[in-house]
Amino acid sequence: MRFDEAYSGNVFIGATPHVEEADIIIYGMPMDWTASFRPGSRFGPKRIREASLVLEEYSPYLDRDLSELNYFDAGDIPLPFGNPEKSLHQIEAFVDKVLQQNKIPFGLGGEHLVTWPVVKAIHRYYSQLAVIHIDAHADLRTDYEGEVLSHATPLRKIVELLGADNVYQFGIRSGTREEFHYAKQEKIPFYPFEVLTPLQRILPQLAGRPVYVTVDIDVLDPAFAPGTGTPEPGGITSRELLQAIHSIADAGIQVVGADLVEVAPVYDPTEQTPVMGAKVLREMLLGFCR
């Protein structure tokens, strides 16, 4: 699969039109085939790009400007509607091509299942990979109502691939009893309800290691991000999420890829959710890619 030309016309603010100059590839994974409550996250990547136009390219938090980076927006991968298995194969193949060119993949979802093929591809290049997972939901089920390819299962698959001690989960406030017991039994670095304090505590442990960061927008309280497929009350604030991103940036770890998932714009007529998604992506780009 190619990424040397954009699949769609709209691009994230400040993106270069020349892929050969880029160190980073932004791409969309417009898939919500396994949504169990509210579909619509397949429209998230496009709307985040459009919402990015409201932002400045300068981050006063980091004192950096997007003009200091070279990133190419490949648009949305044209995934086969309603076919999770084939969609996951296409995402994995796309990310593999990005990595072959020594570029860093930054993905926009889509449901959280899309993170699974990305981590599979990156792990082939970085055997010591660790994952930072910031989310309202544990996503540690083996299946959801008999379906193993589900938005409720990606982190279980990632734990089984990388090992429990290489997956760090923050902000979790929803899951089955079995998921919470599994996290405890396997000794996953699992931090329910909170993000910033435990994250800052563990970041020194990741110094020198390749790290993938996956952020589900529903880690935010629905007051800050109502436009998502599975909203969960009791979440963190938008300020806390930005502080978490900046803490990762300040830690100086080697971020080899990242994604932001589960923005479903149809449920937020105010558009605060895609705007927040665009700002999170800006801060991740500027913070993780020095």
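Cα extents for the range 95-221 along the principal axes, largest to smallest and rounded to whole angstrom: 42, 36, 28. Taking only the alpha carbons of the range 75-135, we obtain Rg and Dmax values of 11.6, 34 Å in that order. The count of lysine pairs in the chain with alpha-carbon distances below 26 Å, taking only pairs 8 or more places apart or on different chains, stands at 19. Between R47, R239, R156, the residue with the greatest mean-square fluctuation in the GNM of the chain (Cα pairs under 10 Å linked by springs) is R239.
Label sites at R177 and R201, each approximated as a point 7 angstrom past Cα along Cα to Cβ, lie 2.7 nm apart. Here is the P(r) of the range 246-290: all C-alpha pair distances, binned every 5 Å from 0, give 5, 21, 26, 18, 13, 10, 6, 1 in whole percents. Other residues lying with their Cβ under 15 Å from the Cβ of E68 contribute a combined charge of -4, Lys and Arg counting +1, Asp and Glu -1.
Site pair Q254 and L161 shows an inter-label distance of 1.9 nm when each label is modelled 7 Å from Cα along Cα→Cβ.
Quick check on the range 1-159: what are the equivalent-ellipsoid semi-axes from the Cα gyration tensor, as sqrt(5λ), descending, whole Å?
Working: eigenvalues 140, 61, 53 Å².
So the equivalent ellipsoid measures 26, 18, 16 Å along its semi-axes.
Averaging sequence separations of C-alpha pairs under 8 Å and six or more residues apart, then dividing by the length of the range 136-177, give the relative contact order as a whole percent.
Result for the range 136-177 is 46 percent.
The range 131-290 gives an Rg/Rh value of 0.95, both radii derived from C-alpha positions and Rh following Kirkwood. Taking packing as the residue-averaged number of other Cβ atoms within 10 angstrom, the listed peptides 201-214, 28-41 run from highest to lowest as 28-41, 201-214. If both residues of a DSSP beta bridge must be in the chain, then about 10% of such bridges are antiparallel.
With Cα atoms as the point set, the radius of gyration and Dmax of the chain evaluate to 17.0, 49 Å.
Over the range 19-288, what is the relative contact order in percent, taking alpha-carbon pairs closer than 8 angstrom and at least six residues apart?
Computed value for the range 19-288: 24 percent relative contact order.
About the centre of its Cα atoms, the chain shows a dipole size close to 460 debye [charges on the beta carbon of Lys, Arg (+1) and Asp, Glu (-1) only; nearest 20 debye]. For the range 204-290, the fraction of C-alpha pairs more than 14 angstrom apart is 62%. For the range 227-276, the relative contact order works out to 65 percent when only alpha carbon pairs closer than 8 Å and six or more residues apart are counted. The calculated pair-distance distribution of the range 212-263 uses every alpha carbon pair, bins of 5 angstrom beginning at 0, and gives 5, 20, 26, 23, 14, 9, 3 percent.
Each residue was assigned an accessible area with a 1.4 Å probe, and for K103 the value is about 30 Å². Considering all different alpha carbon pairs of the range 179-252, the Kirkwood hydrodynamic radius works out to 13.7 Å.
The values are calculated or read from the model by the stated rules, or taken from the named source; none is laboratory data. All values derive from a computational prediction rather than experimental measurement. Note that each Cβ is placed from the backbone with ideal geometry, even for glycine, and that neighbours are counted across all protein chains shown. Areas reflect the complete protein model, heavy atoms only, side chains present, ligands, DNA and RNA absent. Shrake-Rupley method; radii C 1.70, N 1.55, O 1.52, S 1.80 Å.
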